[in-house]
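I have placed the structure first, in the form of structure tokens, so that the comments after it can refer back to it.
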Amino acid sequence: MGEAKKKRDAGIGPTDPKPAEVAKNWNFERALAALNAHRRPTTPSKPPRQQVINFCGSVSSLKPVYLPFTNISPDYGSGWCHNNVLEQIRRAGGKRVNGWMIWDNGKFVEGEFHSVWESPDGQLVDLTPRADREAEILFLPDAVMKITNDGTADYFPNNRTSIAECPYSHRGLPLQDPMARREYTPAQSPFGFASVA
């Protein structure tokens, strides 16, 4: 089996730590302390600093692009990017592009798994409002990472960070796994989707 396929099947990016290595050295308290030692990151400055560029290269082979928030519909809720994009495709065509919102605070870089809409004319559009009111994001497309479904839940890539003690995180907590399981019910989704896969 090719190395790229192994990584895709394992749900890890090009140079993510291998899950077995993370598990072997895992210590929740140390990872949480490392994560909490840094203030919340924001959209990287223009142009991005070298650490941001290096991090992007470690997560995806594609190039990052700055995207402004585009308020297409008041129906689209913060934190529901994958569902928002599926609804926009249903309404207007186009396709979903998976990738990462890149955050930076000068000490560490974080990639938050994210979806944007590619319009029928090929334009990338970030249509999901953010609770922190960021007007623009640095979006790193990723052709490898996918949302998968086993019939009962969706599996999303966790956040990637440049913090050695905490390579994966979700909702402000460190994790040792590159993927997170998330169950959906139609009532939880703003559009009644039981799954976003």
Within the range 48-60, residues polar (S, T, N, Q) and over 15 Å from the mean Cα position of the chain (by Cα) come out as Gln50, Gln51, Asn54
Taking the range 105-146 and the residues there that are part of a strand (DSSP E or B) and of a type in the set (Phe, Trp, Tyr), the one that is nearest to Thr42 (Cα to Cα) would be Phe139
Here the residues within the range 122-144 that are more than 17 Å from Glu87 (Cα to Cα) and either touching a helix residue (DSSP H, G or I) at 6+ places or on another chain (Cβ under 9 Å) or among the acidic types (Asp, Glu) (or both) are Asp132, Glu134, Glu136, Leu138, Leu140, Asp142, Val144
Per the list (1) buried (at least 22 other Cβ atoms within 10 Å of the Cβ); (2) within 30 Å of Ala33 (Cβ to Cβ), residue check on Ser78 breaks on (1)
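Before we move on, is Ser45 of a type in the set (Gly, Ala, Ser) and assigned to a loop (DSSP other than H, G, I, E, B)?
When the stated conditions are applied, Ser45 passes them.
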Practice task
Test Phe69 against the criterion of being touching a Leu at 6+ places or on another chain (Cβ under 9 Å), surrounded by 12 or more Cβ atoms within 10 Å (Cβ to Cβ), under 19 Å from Arg130 (Cα atoms) and among the aromatic types (Phe, Trp, Tyr), and give yes or no.
Solution key: yes
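Per-residue answers, yes or no, for (1) under 17 Å from Gly57 (Cα atoms); (2) crowded, with 17+ Cβ neighbours inside 10 Å:
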{"site": "Ile89", "(1), (2)": "no, no"}
{"site": "Lys107", "(1), (2)": "no, no"}
{"site": "Glu112", "(1), (2)": "yes, yes"}
{"site": "Leu124", "(1), (2)": "no, no"}
{"site": "Thr128", "(1), (2)": "no, yes"}
{"site": "Val144", "(1), (2)": "yes, yes"}
{"site": "Ala153", "(1), (2)": "no, no"}
{"site": "Thr161", "(1), (2)": "yes, yes"}
Residue set Gly111, Gly122; condition at positive phi and either modelled with pLDDT of 90 or more or touching an Asp or Glu at 6+ places or on another chain (Cβ under 6 Å) (or both); output residue Gly122
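The values are calculated or read from the model by the stated rules, or taken from the named source; none is laboratory data. All of these numbers come straight from a predicted model, not from anything done at the bench. So basically every Cβ, Gly included, is an ideal-geometry build from the backbone, and we count neighbours across all protein chains shown.
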